[in-house]
Amino acid sequence: MRSDVVVIGAGVQGCAVALRLAQAGREVLVLERSIPGAEASSAAGGILSPGVEAEEPGPFYELCAASLARWPAFAAELERLSGMWVGHRGGGTLEVAFDDPTARVLAARAAQLQGHGVEVEVLDGDAVRRLEPALDPRARGGLWFAAESSVDPRLLARALYLAAHRAGARFLGGQVHRILHDGGRASAVEHQSGRIEAGAVVLAAGSWSALVEGSGLPAGAVRPVRGQIALLDTRPPLLSRVVFSDKGYLVPRADGRVLCGSTMEEVGFDRAVTAGGLRGVLELAIEIAPALAGAPLLETWSNFRPASPDGSPVLGPSTVPGLFYATGHTRNGILLCPVTADAVAAAVLGRPPPVDLAPFHVGRLAGARGR
């Protein structure tokens, strides 16, 4: 078997890269041991917030902002190609402080961001509650990133798979054993179905990327960090936009469900939802919006963020010719999906990427170790 490009992993990164390469006329084969999008991609919160996640100006913020700018067109394209809504909603992101010292920290960060042209508004407690009346009356202030948004990752993952499939990408289930190198170049993938020759290989296996033999990733370059999430139901909807505190976040869906998250746990590949983790996410949810104490608990889950030592993704060419990365996105895989697809596909095609990938090259992690 042979393909122009073999993509390892059918989460949102792998499917989005496959979509772009198939649209460029390449024969693409996507390898996935499970169901496309069934792992961390579908378990994420779906927050599209460079302002909160990147925290300060720099290459990572610029990458996140470039991806956020792509999201409206990206969502519309996926809906057209798949026939599905992906749950893309505006309303901005609200970052709330419940004491005066935290409010002052937020205001100082806003001034730094505004100095670099970032759209952010500093709000007092009354203005915060006007935006979200259900917030705890103790709210002392906050930041509003009006241009930010959210998306439903479960819908997104399915839509990306359908779009890539309809664009011509092929999908093959089963276990990847290793990436094979010939003459110093990544030339094939050994799969449970046999050897698959490849003109190029894209590693997009999320938290499992470093476990693939022949990945070329330094030890500790990508590791699993468990996140536990609870889903509550509110009728009528209690919140209109994503709300962050210094402990976690709430992500409202259009139908009134509220996703509450999330833990950050260094437990390897232990997927358990724990009593302590669940207590933590529910306590932070009720602290932000006390009325959630009476909301029915619909569902709980956990999965693994593909975390890098510095929190930034590993993107583009590796140190091995023919091998490319779309992994290590830590907490921002959904946000960074559009720009990852465009940039990594461009690298595979030998075209100039739309953003500078130098800060995200794997070489920066030489000698890295997971915490």
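The values are calculated or read from the model by the stated rules, or taken from the named source; none is laboratory data. These numbers were taken from a predicted model, which means no experiment stands behind them. For neighbour counting, all protein chains shown are included, and Cβ atoms are generated from backbone atoms with ideal geometry for every residue, glycine included.
Worth pointing out:
- The stretch 38-63, subset of a type outside the set (Gly, Ala, Ser) and in contact with a strand residue (DSSP E or B) (Cβ under 9 Å, 6 or more places away or on another chain), residue nearest to residue 173 (Cα to Cα): 39
- Condition broken by residue 80, with the remaining ones in (1) touching a helix residue (DSSP H, G or I) at 6+ places or on another chain (Cβ under 7 Å); (2) within 30 Å of residue 164 (Cα to Cα) satisfied: (1)
- Test: residue 152 is more than 24 Å from residue 15 (Cβ to Cβ) and among the charged types (D, E, K, R): no
- Residue in the stretch 128-141 that is in contact (Cβ under 8 Å) with a residue 60 or more places away in the chain, assigned to a helix (DSSP H, G or I) and over 19 Å from the mean Cα position of the chain (by Cα) present: yes
- Residue check for residue 180: surrounded by fewer than 24 Cβ atoms within 10 Å (Cβ to Cβ), farther than 24 Å from residue 313 by Cβ and in contact (Cβ under 8 Å) with a residue 24 or more places away in the chain: yes
- Among the residues of the stretch 199-222, those identified as crowded, with 24+ Cβ neighbours inside 10 Å and assigned to a strand (DSSP E or B) are 200, 201, 202, 203.
- Boolean, residue 23 is buried (at least 24 other Cβ atoms within 10 Å of the Cβ), in contact with a helix residue (DSSP H, G or I) (Cβ under 9 Å, 6 or more places away or on another chain) and of a type in the set (S, T, N, Q): no
- All of 79, 55 fail the test of being at pLDDT below 95 and acidic (Asp, Glu), apart from 55.
- For residue 34: the one exception among (1) modelled with pLDDT under 95; (2) crowded, with 20+ Cβ neighbours inside 10 Å: (2)
- Where strands (runs of 3 or more DSSP E) sit wholly within the stretch 255-323, those with at least 3 residues that are closer than 24 Å to residue 151 by Cα, touching a residue at least 12 places away in the same chain (Cβ under 8 Å) and under 24 Å from the mean Cα position of the chain (by Cα) occupy 257-261, 297-307.
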